[in-house]
Amino acid sequence: MDNVTFRSTPTPADKAGIREILSSSGFFHDFEIDVAIELVEEALAKGTESGYYFVFADHMGTTISYACFGPIPCTRHSFDLYWIGTHQDYRGKGLGKQVLQRVENEIKQLNGRKIYIETSSKPMYEPTRQFYLSNAYENEAILKNFYDEGDDKVVYSKSL
């Protein structure tokens with residue numbers, strides 16, 4: 001995709017941008033989106049001391065994709081990918097893959113060796129699970145009925 005720029009420093013405007021990205025997917029409840037916004041607020045208030053890092057993809061002044069990740073407490077080299085999302089209008093253009101690759105590169109620069117990602121087992125998340133598999137992530141674990149009855153947590157991992 002042309003005219004896309006990437007950055008890692010969050011701005012106050014990113015709160016509205018992330019809300020729009022996540023809302024456009026139709027996958028998330030409002031309370032889940034609120035959590036994503038809280039991570040930005042924490043990073044804005046504390047910087048890298050928050051433990052939250054970001055990759056943003058902007059197109060013509062609008063944030064259209066992003067990811068949030070951070071080191072897993074009490075581990076030496078493991079990171080969680082907390083959020084990754086691309087606005088519905090821009091999905092299927094390889095942008096999510098570019099954002100994920102940038103996340104992986106930043107984690108390597110932070111001396112990370114392994115990244116973990118979790119998602120739901122609900123059928124609507126099948127494209128998400130396929131996205132992780134197509135980017136060389138392995139299905140590490142399934143935690144039955146984690147989110148709700150019949151909604152398992154699926155954990156993926158990748159060694160960097």
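At-a-glance table
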| read-out | value |
| --- | --- |
| Search result, residues across segment 109-120 that are touching a residue at least 24 places away in the same chain (Cβ under 8 Å) and either exposed (fewer than 13 other Cβ atoms within 10 Å of the Cβ) or touching a Gly at 6+ places or on another chain (Cβ under 8 Å) (or both) | N111 |
| Pairs, first touching a residue at least 60 places away in the same chain (Cβ under 8 Å) in segment 26-42, second surrounded by 11 or more Cβ atoms within 10 Å (Cβ to Cβ) and charged (D, E, K, R), C-beta under 8 Å, six or more apart | none |
| Selection status of I64, closer than 20 Å to Y156 by Cβ and either surrounded by 15 or more Cβ atoms within 10 Å (Cβ to Cβ) or at pLDDT below 95 (or both) | no |
| In segment 81-100, the residues that are within 16 Å of I64 (Cβ to Cβ) and surrounded by fewer than 20 Cβ atoms within 10 Å (Cβ to Cβ) | Q88, D89, Y90, R91, G92, K93, G94, L95, K97, Q98 |
| Strands (runs of 3 or more DSSP E) contained entirely in segment 81-160, each with at least 1 residues that are over 22 Å from H29 (Cβ atoms) and more than 16 Å from the chain's Cα centre (by Cα) | 138-148, 151-159 |
| Any chance S25 is at pLDDT below 95, of a type in the set (G, A, S) and surrounded by 15 or more Cβ atoms within 10 Å (Cβ to Cβ) | yes |
| Residues (loosely packed, with under 15 Cβ neighbours inside 10 Å, hydrophobic (A, V, I, L, M, F, W, C) and closer than 18 Å to I21 by Cβ) located in segment 42-61 | M60 |
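Okay, residues lined up against (1) of a type in the set (D, E, K, R); (2) out of contact with any Pro (no Cβ under 7 Å at 6 or more places or on another chain); (3) closer than 21 Å to K93 by Cα; (4) buried (at least 16 other Cβ atoms within 10 Å of the Cβ):
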site	(1), (2), (3), (4)
D14	yes, yes, no, yes
I18	no, yes, yes, yes
F31	no, yes, no, no
D34	yes, yes, no, no
V40	no, no, no, yes
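The values are calculated or read from the model by the stated rules, or taken from the named source; none is laboratory data. Remember, predicted model here, so these are calculated numbers, not experimental data. Glycine also receives a Cβ, built like all others from the backbone with ideal geometry; neighbour counts cover every protein chain displayed.
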